[in-house]
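Novice: My questions will all concern the structure given below.
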């Protein structure tokens, strides 16, 4: 028996780990560095191409609960995140190099793991997989090559493939930031350990005039052209800042430049607007602009972002960019165990299934890997129940929601609703939802 995984991103690495831990041999096909994508820069496994944040660690949030559930299921990705963690308040942000190296080392040291540097453009047919006793996992992510994406289209009724556009935020050299124009703080003074001493974020405050001038510059900047024949559809949780500005001059102040929960110690007041920078590596030599995805041309990014006082002489180590994300109409294509309805030995995992986010992609890789193991052993597989966060995410992928299927983050809205108790705040209700999900997940672990 051979198990092949196509794609060495977070989902592919996680699926490989789960399958290896079950005692099977894994052959991982990764086309990088022989062939690359518009977003990747290295040939490393599990390279993080957008933000270096895996989102919140708070136990009273959906992302926090998802990480706890994945860690309980022996997630390689979450373990790597913990090993590569850099300060980021309540978020799990990582040093990209340490993160990828941890995953590569764990997989490469496993005696049943083999990595093949090649691009897979043609999958075996269902009959060929059966005859050769092969199982396949496709975890090629949102930048799946055209040849493979075309073949995957054939698995969907009507040959439908969907897409949206995603954007990457810039990264800045730390020593080029004017620290006199900044202050350190986490929003509402909440750090991961609750101390709230110095704050994990570098805050760049703007007054009203500075903010309005900045918004005007964004609105008139030149952008990278997209294909004219394609309808531009962005994921709402990752909008380019220029798209936000099109929606109104104050949209940024209620989005990535919101000043809520922050007080500038130099003035004693809340800024009119505020940009946060987050550490990109353990050494603290690089910072990313939180929530500042953009499709502006690179010279325009330098010009416009330099209008922010602290960034007047900023050195940009990576400019922002926009790329197309491909995903399948999974409710039509997949069974509840992530195997294909038209090819039962083929499993699909990760962002291409219609989830959005690093942790979410890895979560689907984890479940797909475990489900494949059960199927290969002719055993039943109990998917985590829908009233857990990972189970709710899996249910959305394979069942969808109302209307057209679109990518989804892990969120409490995916869980079965709880009635709001009289006088209960939204915060308390969310905490109660997470507590209920935790109890249900513990039951699942006891009796899967």
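Read-outs throughout are calculated quantities, based only on the coordinates presented, and are distinct from any laboratory measurement. Note that this is a predicted model, so its numbers are computed, not measured. Using ideal geometry, Cβ is built from the backbone for each residue, glycine included, and neighbour counts are taken over all protein chains shown.
Novice: In nm, give the distance between the simple-model label positions of residue 25 and residue 260, each being 7 Å from the Cα along the Cα-to-Cβ direction.
Specialist: For residue 25 paired with residue 260, the spin-label model returns 5.6 nm.
Novice: Please give the length that would be gained between residue 222 and residue 112 if that part of the chain were fully extended, namely 0.36 nm times their separation in residues minus their C-alpha to C-alpha distance (nm, one decimal).
Specialist: 34.5 nm
Novice: Order these peptides, 284-291, 113-120, by their mean beta-carbon neighbour count within 10 angstrom, highest first.
Specialist: Packing order, densest peptide first, comes out as 284-291, 113-120.
Novice: Right, next: So which residue, out of 419, 104, 246, gets the largest mean-square fluctuation from a GNM of the chain using Cα contacts under 10 Å as springs?
Specialist: With Cα springs under 10 Å in the chain, the top fluctuation among 419, 104, 246 is at 419.
Novice: Here is a further query. Going by alpha carbons, how many degrees (0 to 90, nearest 10) lie between the helix axis of 10-21 and the longest principal axis of the chain?
Specialist: It is inclined by approximately 40 degrees.
Novice: Run lengths n ≥ 4 of DSSP H only: what is the helix-derived mean residue ellipticity at 222 nm for the chain, with -39500 (n - 2.57) per run over all residues, to the nearest 500? Walk me through the numbers on the way to the answer.
Specialist: Working: 13 runs with 140 residues, N = 448.
Taking each H run of at least 4 residues, the total per residue is -9500 deg cm²/dmol.
Novice: Considering the convex hull of the alpha carbon atoms of segment 311-448, report its projected area averaged over all viewing directions, in nm², one decimal.
Specialist: Over every viewing direction, the Cα hull of segment 311-448 projects on average to 13.0 nm².
Novice: Moving on to the next point. Given the Cα-Cα distance of residue 313 and residue 282 and 0.36 nm per residue of separation, how much length would full extension add, in nm?
Specialist: Additional length available on full extension: 8.9 nm.
Novice: Please figure out what share of the DSSP beta bridges in the chain is antiparallel and state it in percent, rounded to the nearest 5.
Specialist: Values: 32 of 51 bridges.
Around 65 percent antiparallel, to the nearest 5.
Novice: How much length, in nm to one decimal, is gained on full extension between residue 209 and residue 402, taken as 0.36 nm per residue of separation minus their Cα-Cα distance? Walk me through the intermediate numbers first.
Specialist: On the way: separation 193, 0.36 × 193 = 69.48 nm, distance 4.30 nm.
So the chain would gain 65.2 nm between residue 209 and residue 402.
Novice: Set the Förster distance to 25 Å, then compute FRET efficiency between residue 426 and residue 247 from the Cβ-Cβ distance, nearest 0.05.
Specialist: Efficiency, from the Cβ-Cβ distance: 0.55.
Novice: Nearest 0.05, what FRET efficiency do residue 74 and residue 306 give at R0 = 56 Å with Cβ-Cβ as r?
Specialist: Computed FRET efficiency for residue 74 and residue 306: 0.75.
Novice: Rg(Cα) of segment 327-392 divided by 2.2 N^0.38 Å?
Specialist: After normalising by residue count via 2.2 N^0.38 Å, the value is 1.05.
Novice: Could you state the angle between the C-alpha long axis of helix 358-376 and the longest principal axis of the C-alpha atoms of the chain, as a value from 0 to 90 degrees rounded to the nearest 10?
Specialist: With both axes taken from Cα atoms, the answer is about 10 degrees.
Novice: FRET efficiency for residue 97 and residue 146, Cβ-Cβ distance as r, R0 = 35 Å, nearest 0.05?
Specialist: E(calc), rounded to 0.05, equals 0.70.
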